[in-house]
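Take a look at the structure set out below.
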Amino acid sequence: MSINTYRGSIEAGELGATLMHEHVFTVSPELAANYPWAIDWDEDQAVDSAVEKMQRLKESGIDTIVDLTVLGIGRQPRLVARVAERSPVNIVASTGLYVLKEIPRYFRLRGAGALVVEEEPLVDMFVHDIVKGIEGVGVKASMLKCAIDRDGMTPDVERVLRAVGRAQRATGVPVTVHTHARKRTGLDALAVLTEEGVHPSQIILGHSGDSDDFGYLTELLDSGPYLGMDRFGLDVFLSVERRVETVARLCARGWAHRLILSHDAQCHNDSAPRAHIAAAFPKHDYLYLPTEVFDMLRGAGVDESSLDQMMVVNPRDILDRPDGS
């Protein structure tokens, strides 16, 4: 079946080694438009830098990334399209809304029970991105994204999760959820999405790799979703040694077919000064897995078949939807 990317549709077999949880640009549009100097932002330079990183990524053996930048964290599809034109790496687009506690103002007065009573507008927006394409670039999203963090299932977080669940049911596009592993919010996300009719095999519980609590991780796995071991390089949540050990132990127990590996990295991130990010997280880069972590996993007993399963087979199985839409 064909899979949509920023450069057009490709066959599932062309995905190759895939990083399932990355970003290209996470930049606030309002800051970029009004105070670009405050976030060290130059569009042309950012695009050139991103293309260079994609070229190095391809040379390291990675063929595809899934860009999980959605509304709420600075989606820049027009600029990502410019990167994709020159990139040897496939870039898969996503749609959704990143809400950790309260929904943006636009949606507060719209929807069932709101001042302006209407059908949930989020569902139509997400489906539009998937079926018709993202406005301005025409790229069709192939992944849905939502979030539940340390504040848990607030009313607005639940609203977004349910809208994502309904969009998934309407389109068949898989779902990635940003979760807070230490708060075990993957369990709550799984409950709501499955209530909406989403099959667990269509769900990735992102950032599960921030925990080495095997009770929690195996409870999730027993329910059928994929787990995102997807923050390699962010040692502030869990050291790389413990991340590697966790993946190795899960693979030894036969769970490689339900794990995906990634970094949650960006080419440009306006959440902190660039120099601070580089100093605090020197390994948080697209290249960390292929240049260092894969060898660490091999050293911990993960065989080539399991690495191929996590990097090639699982992404293909997740993104290769039966209807090919």
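Taken together, the values in this text are just the output of simple stated rules run on the coordinates, not laboratory data. Every value quoted in this text rests on a predicted model; they were computed, and no experiment measured them. Glycine gets a Cβ as well: all are built from the backbone with ideal geometry, and neighbour counts include every protein chain shown.
Starting from the Cα-Cα distance between Ile277 and Arg78, subtract it from 0.36 nm times their residue separation and give me the gain in nm to one decimal.
69.1 nm
Relative to its residue count, region 2-319 spans a Cα convex hull of 123 Å³ per residue. Counting charges near His180 (Lys, Arg +1; Asp, Glu -1) among other residues having Cβ under 14 Å from its Cβ returns a value of -1.
Here is the link list: Lys101/Lys145; Lys53/Lys101; Lys58/Lys132; Lys58/Lys145. Which ones come out longer than 23 Å on Cα distance? Result: Lys53/Lys101; Lys58/Lys132; Lys58/Lys145 exceed 23 Å. Counted by Cβ distance under 11 Å from Leu57, the other residues give a net charge of -2, where Lys and Arg count +1 and Asp and Glu count -1.
Need the full-extension length gain, Asp295 to Ser60, defined as separation in residues times 0.36 nm minus the C-alpha distance. One decimal, nm.
83.3 nm
Just for the chain, what percent of DSSP beta bridges are antiparallel, to the closest 5? Bridges in the chain are about 15 percent antiparallel.
With a cut-off of 12 Å between beta carbons, the residues surrounding Pro29 carry a summed charge of -1, where Lys and Arg count +1 and Asp and Glu -1. Scaled against 2.2 N^0.38 Å for its residue count N, the alpha carbon radius of gyration of region 166-266 is 1.03. For Glu119 and Phe237, the difference between the fully extended length at 0.36 nm per residue and the C-alpha to C-alpha distance is 38.6 nm.
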